[in-house]
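First the structure, in the form of structure tokens, and then the observations on it.
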Amino acid sequence: MEYDIAIIGAGISGAAIARELSKYSVKTILIEKNPSVSMGTTKANSGIIHGGYAAKNGTNKARFNVASLPLFEKVCNDLNVSYSKIGSFVVALEKDQIEKLYELKENGLKNGIKDFKIIEDPKKILKMEPNLNPNVCGVLYCPGAAIISPYELCINLVENAIINGLRFLPDSEVIEIKKEDKFKIITRSGIEIKSNIVINAAGLYADKISSLVGLDYFKITPRKGEYVLFDKNVMKINHILFPVPTKISKGIVVSPTVSNNFFVGPNAKNIDDKEDISCTLDGLKEVIEGGKKLIPNLPLRDAITVFAGLRAVSNNNDFIIEQTEIDGFINVAGIQSPGLSSCLGIAVYVVDILKNIGINLRLKTDFIPTLDKPPHFAYLSPKDKDELIKKDENYGRVICRCETITEAEIRAAINSPLPARTLDDIKFRTRAGMGRCQGGFCTSRIISILCDELGKNPTEITKHGKGSELVIGTTKHLRRDTK
Amino acid sequence: MSEIVDSKIITCIGCPKGCQVKVSKFKNGNIEAEGYSCKHGKEYAIQEYIDPRRVLTTTIIVKNGILPLIPVRSNQPLPKNKLFECMKEIANIKVPAPIKMGDVLIKNILGLNVDIIASRDLESKIN
Amino acid sequence: MKTYITDIAIIGGGPAGLAAAISAYENGVNVLLIERDFELGGILPQCIHNGFGLGIFDEELTGPEFAQRYINKVIEYKIPIMLNTMVLEIRPNKNILAVNKNEGAILVKPKAIILAMGCRERTRGNIRIPGTRPAGIYTAGLAQRLVNIEGLMPGKKFVILGSGDIGMIMARRLTLEGAEVKAVIEILPYTSGLIRNKVQCLDDFGIPLLLQHTIIEIKGKDRVESVVVSKVDENWEPIKGSEKSFECDTLLLSVGLIPENELSKTAGVELDPKTRGPIINNYFQTNVEGIFACGNVLHVNDLVDNVASEGTLTGEIAAKFIKKIIKIDKNFVQLLCGRNIGYVLPQKVNKTAFKNSVRFYMRVKKPENNVYINFKVNDKLIYKKFERFARPSEMLIIDLPKQDILIDNNILIEVIPKEKKSEN
């Protein structure tokens, strides 16, 4: 296999870069160790497009967050990604925190942010956000902040790139990279890929990939953040709510999601194990207490799930995006918050790096910028629902009753350019299983549909790849005589 | 005085009290109970000691039905110590659809004079 | 869009909906029964164990057998049924939006609605158990569906959290099919299910029941590998140092049911936070005129016999309401929950109803023995009923006898210990 460009890691950075490169006539491959895209940090974060005022002026974080802001609307429109500019508050709960708001504003102005303001009138604030802690003294209000589904963006970026010629190679952990005249990438299963350029976007393992070519000038520390997610329509939260930030973190947030849920989280704890995405008793307590500071009447009874993600923190605490000492090896590492908010700007910059090192990048004339997706049945009018079912009767069978997801949408996900093969794939592409019953109703039905579409037995269907099989056999197999 | 050769504590299931009834077998063959609060408890515990029986409810694999399994029950309680053997017997057979509730699917299972009957109607697959 | 006009639309074809449909039909009105699954019966087809029907049929039936009795009647009466049809919305004007493959989106315009949607199960995420999120974590009901309907075994080494009846029934079911159930873990100091199930599902198979314990962590990256169990104190806080690890490949959760009222909300039906079901009056009517509720969607029941009884009553009342035989006037008194009363239904009773006996459904919060359930109006005791064993897991059904006095103020229901006679 020979390519012009190999991207390692199909998280949000790799996905954005792949899509950007798919505009050009270069042969690109996206290599991912997991069975699908977006399975690392990208699937477990706050889903916030930050307003650009918080990242310290002069850092890469600030630069790329700000550069990305004007790009989101068009990309999300083209790629059918839910994106909602609901604005954010940084909330000062005590008088002496107001000073911090002014510091943030100062920093934001330096970053080039203009449309944001400090409101010090609690009555006005509480009118905008009625469930906020009534002790609020003031907020920094940034209307430009938005919420997005990070995995929806990642999936749709890669799908669009595939339609435009990207080769996607999942289940392929990179274990060796040799530099000869080209790079020779070897995966654990023995696949060899030759490429002129390697872009290392391997998230938590970016340091490991970098060291494969002898570049170990940085280290990635996993920093865990835990979340509690709440049901829809149980409490009105209008903006993304931040506490006043600390040195290491923006703090425990309360925020709505694009699916009308809301969450509290994340906390921030450095750990050693890059595979440890477990939730902890202390972590969840911390997150709930933090959430209660902003929203005292947190409806805990309506919490529907808990999850955790790991930030990829580099030792200089900033993004590392550069052509390295090794010609053609580009690091895109340490993409912690505001990584999601910066991905589009990072992608544009990486393409610039390639141009600057002399790679010939010709824009395609037949680039397809848009991505067609099956309609979200749940949001259609009754008349449109009726017409859709008459066109395709599989829209008439609701599989996930909590999120109103139909059989047609599930089958479409299995047959898409980035095919869903596991229960989690279906969940992250269609939202089936993300509702209040957490798959209690739909799981058995989704297993049947996956078996039908993929020609598999139920024992072969997994939650998120090999080793996570959902059932171990038929009901009688433990008692039956084995012949 | 006759010796106790065996005894067992039986939890009575008649009411929420759940009396712990001690049933003892004597060398002379007598069986006696103590610790019950009512005569139902005494009767239940002694019966449970002498000949514990359970209704078996399970499923049988179906051939050509609209569902892969049919729920079934034993039409009489079975000896408690034969349940696993019955389950093994049942695991190795398949019954054809259509089936009507009450149909005898296994007659005289393991020679115990108990039948396994269908708990519901099940139609054939229309193919 | 196709439109259906009927007298009573019943949402849910489980035991509550089936009983209501039959009763409404027998009372002379048109009925449309709407069910999302491919067959009628609700949860009963997967409840293959026996113990159903003692109250209504004086027989011990399995779940499918109980359902079949009602299904046969529905077929005999040729009651219109829609299967594989999911209701998406109930509008405040009682129009129902539903979808199915054959007809697309349809509008049902009934004169009255009976809500009979049942419950969903509480999940791992609801109770926020720490740990990883591997495959192999199932609610007991989903596991029951897999084992009994789909013919699939979720795993072979189980730990079950929650000693309610569903958890214990599944412990037996899985053991009979050859799996190993290592323990049933219960946070309370007593089992929340029937003693009969403890004996016949756990003791019979030597499955340990760990009371006053809970699961504090789930381990396993791709599939469950073990759970960490800890003893708890009276405040349900884990006691440090008491942790024990249980190796298993599946964790089953039997930690409670929640009435499924998302559709009720779309209609503007007011819910009671204590039951998580609609607030009703003694006609099973919600705050929306013409919308009634019965069965598990109203409150989580223990016995299907009562679910069916509620359905039967509600069907009759809704039919009489449509035929204007019953007039539901607006003079109600409220029912208030006093000492150790978790909830009471109905929450409102028509003042004139007390001329006859009125049925109340309630649960205590904590178990108590030898108590009186007292009914008080204006601090005056109007009725008391003795209960030898009052348990949260066993719903109390109390028929307040007809009252000679005028009940014109709120009724307080409380649990009061029977005074011990002093021994001289």
- Out of the residues in segment C:65-75 that are among the charged types (D, E, K, R) and closer than 26 Å to B:P77 by Cβ, which is surrounded by the fewest Cβ atoms within 10 Å (Cβ to Cβ)? C:R69
- Residue within segment A:56-73 that is on the phi > 0 side of the Ramachandran plot and either crowded, with 23+ Cβ neighbours inside 10 Å or within 18 Å of the chain's Cα centre (by Cα) (or both) present: no
- Counted residues in segment C:229-251 being modelled with pLDDT of 95 or more and more than 12 Å from chain A (Cβ to nearest Cβ) come to 13
- Task: Name the single residue, out of those in segment A:453-483 being polar (S, T, N, Q) and either in a loop (DSSP other than H, G, I, E, B) or more than 10 Å from chain C (Cβ to nearest Cβ) (or both), that is surrounded by the most Cβ atoms within 10 Å (Cβ to Cβ).
- Result: A:T475
- In segment C:173-209, residue nearest to C:S245 (Cα to Cα) [restricted to those that are within 14 Å of chain A (Cβ to nearest Cβ) and charged (D, E, K, R)]: C:E180
- Single residue of segment C:33-64 satisfying the filter (of a type in the set (A, V, I, L, M) and surrounded by fewer than 24 Cβ atoms within 10 Å (Cβ to Cβ)) that is nearest to the other protein chains (Cβ to nearest Cβ): C:L61
- Message: Every residue in segment A:379-403 that is more than 8 Å from chain C (Cβ to nearest Cβ) and within 17 Å of A:G439 (Cβ to Cβ), please.
- Response: A:I399, A:C400, A:E403
- Do we have any residue at all in segment A:188-207 that's assigned to a loop (DSSP other than H, G, I, E, B), closer than 30 Å to A:E325 by Cβ and in contact with an Asp or Glu (Cβ under 8 Å, 6 or more places away or on another chain)? yes
- Can you name the residue in segment C:112-156 that is outside any strand (DSSP E or B) and of a type in the set (K, R) and is also farthest from the other protein chains (Cβ to nearest Cβ) among such residues? C:R122
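Residue-by-condition table, conditions (1) in contact (Cβ under 8 Å) with a residue 40 or more places away in the chain; (2) touching a strand residue (DSSP E or B) at 6+ places or on another chain (Cβ under 7 Å); (3) farther than 29 Å from A:I175 by Cα:
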| residue | (1), (2), (3) |
| --- | --- |
| A:E2 | yes, yes, no |
| A:A6 | yes, yes, no |
| A:R19 | yes, no, no |
| A:T41 | yes, yes, no |
| A:Y53 | yes, yes, yes |
- Query: Does segment B:57-68 contain any residue that is over 18 Å from C:E65 (Cβ atoms) and either in a helix (DSSP H, G or I) or more than 14 Å from chain A (Cβ to nearest Cβ) (or both)?
  - Reply: yes
- Task: Of the conditions (1) buried (at least 18 other Cβ atoms within 10 Å of the Cβ); (2) within 13 Å of another protein chain (Cβ to nearest Cβ); (3) among the hydroxyl-bearing types (S, T, Y), A:T430 clears all except one; give me its number.
- Result: (2)
- Residue check, C:I160 more than 11 Å from chain A (Cβ to nearest Cβ), closer than 23 Å to A:C442 by Cα, part of a strand (DSSP E or B) and of a type in the set (V, I, T): yes
- Message: Quick check on this structure: which one of C:I218, C:I258 is within 12 Å of another protein chain (Cβ to nearest Cβ), touching a residue at least 60 places away in the same chain (Cβ under 8 Å), in a strand (DSSP E or B) and buried (at least 22 other Cβ atoms within 10 Å of the Cβ)?
- Response: C:I218
- Task: Filter segment A:248-281 down to the residues that are of a type in the set (A, V, I, L, M) and either in contact with a Ser or Thr (Cβ under 9 Å, 6 or more places away or on another chain) or within 18 Å of C:G220 (Cα to Cα) (or both), then identify the one that is surrounded by the most Cβ atoms within 10 Å (Cβ to Cβ).
- Result: A:V264
- Message: Any residue at all in segment A:292-313 that's of a type in the set (K, R), more than 25 Å from A:I177 (Cα to Cα) and either without any contact (Cβ under 8 Å) to a residue 40 or more places away in the chain or within 13 Å of chain C (Cβ to nearest Cβ) (or both)?
- Response: yes
- Item | Any chance C:H299 is farther than 26 Å from C:L335 by Cβ, away from chain A (no Cβ under 14 Å) and touching a strand residue (DSSP E or B) at 6+ places or on another chain (Cβ under 9 Å) | no
- For segment A:85-117, what are the residues that are surrounded by 15 or more Cβ atoms within 10 Å (Cβ to Cβ) and assigned to a strand (DSSP E or B)? A:S88, A:F89, A:V90, A:V91, A:A92
- Give A:F242, A:F319, A:F262 a once-over and let me know the one that is within 18 Å of the chain's Cα centre (by Cα), more than 18 Å from A:T41 (Cβ to Cβ) and either free of Cβ contacts under 8 Å to residues at least 24 places away in the same chain or more than 13 Å from chain C (Cβ to nearest Cβ) (or both). A:F262
- Task: Among the numbered conditions (1) under 25 Å from C:G53 (Cα atoms); (2) not assigned by TED's automatic domain parsing to the domain that holds C:A293, tell me where C:S309 comes up short.
- Result: (2)
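One line per residue, one yes/no per condition, for (1) over 18 Å from A:Y205 (Cα atoms); (2) not in a loop (DSSP other than H, G, I, E, B):
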{"site": "A:K274", "(1), (2)": "no, no"}
{"site": "A:D282", "(1), (2)": "yes, yes"}
{"site": "A:E286", "(1), (2)": "yes, yes"}
{"site": "A:R301", "(1), (2)": "yes, yes"}
{"site": "A:L310", "(1), (2)": "no, yes"}
{"site": "A:D318", "(1), (2)": "no, no"}
{"site": "A:E322", "(1), (2)": "no, yes"}
{"site": "A:E325", "(1), (2)": "yes, no"}
- Considering only segment B:79-127, state which residues are under 16 Å from B:L69 (Cα atoms), assigned to a loop (DSSP other than H, G, I, E, B) and without any contact (Cβ under 8 Å) to a residue 40 or more places away in the chain. B:N92, B:I93, B:A97, B:P98, B:K100, B:M101, B:G102, B:D103, B:D121
- Inspect segment C:4-15 for any residue being of a type in the set (D, E), assigned to a loop (DSSP other than H, G, I, E, B) and closer than 27 Å to C:K111 by Cβ and give the result as yes or no. no
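Residue-wise test of (1) of a type in the set (S, T, Y); (2) within 14 Å of chain C (Cβ to nearest Cβ).
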{"position": "A:L204", "(1), (2)": "no, no"}
{"position": "A:R223", "(1), (2)": "no, no"}
{"position": "A:S255", "(1), (2)": "yes, no"}
{"position": "A:T280", "(1), (2)": "yes, yes"}
- Query: Which one is nearest to the other protein chains (Cβ to nearest Cβ), of the residues in segment C:65-97 that are in a loop (DSSP other than H, G, I, E, B), out of contact with any Lys or Arg (no Cβ under 9 Å at 6 or more places or on another chain) and of a type in the set (K, R)?
  - Reply: C:R91
- Item | Test for B:V23: is it more than 10 Å from every other protein chain (Cβ to nearest Cβ), among the β-branched types (V, I, T) and surrounded by 14 or more Cβ atoms within 10 Å (Cβ to Cβ) | yes
- Message: The conditions are (1) facing another protein chain (nearest Cβ under 7 Å); (2) crowded, with 21+ Cβ neighbours inside 10 Å, and C:N100 fails exactly one of them. Which is it?
- Response: (2)
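The values are calculated or read from the model by the stated rules, or taken from the named source; none is laboratory data. From a predicted model like this one, the values you see are computed outputs, not experimental measurements. Note that each Cβ is placed from the backbone with ideal geometry, even for glycine, and that neighbours are counted across all protein chains shown.
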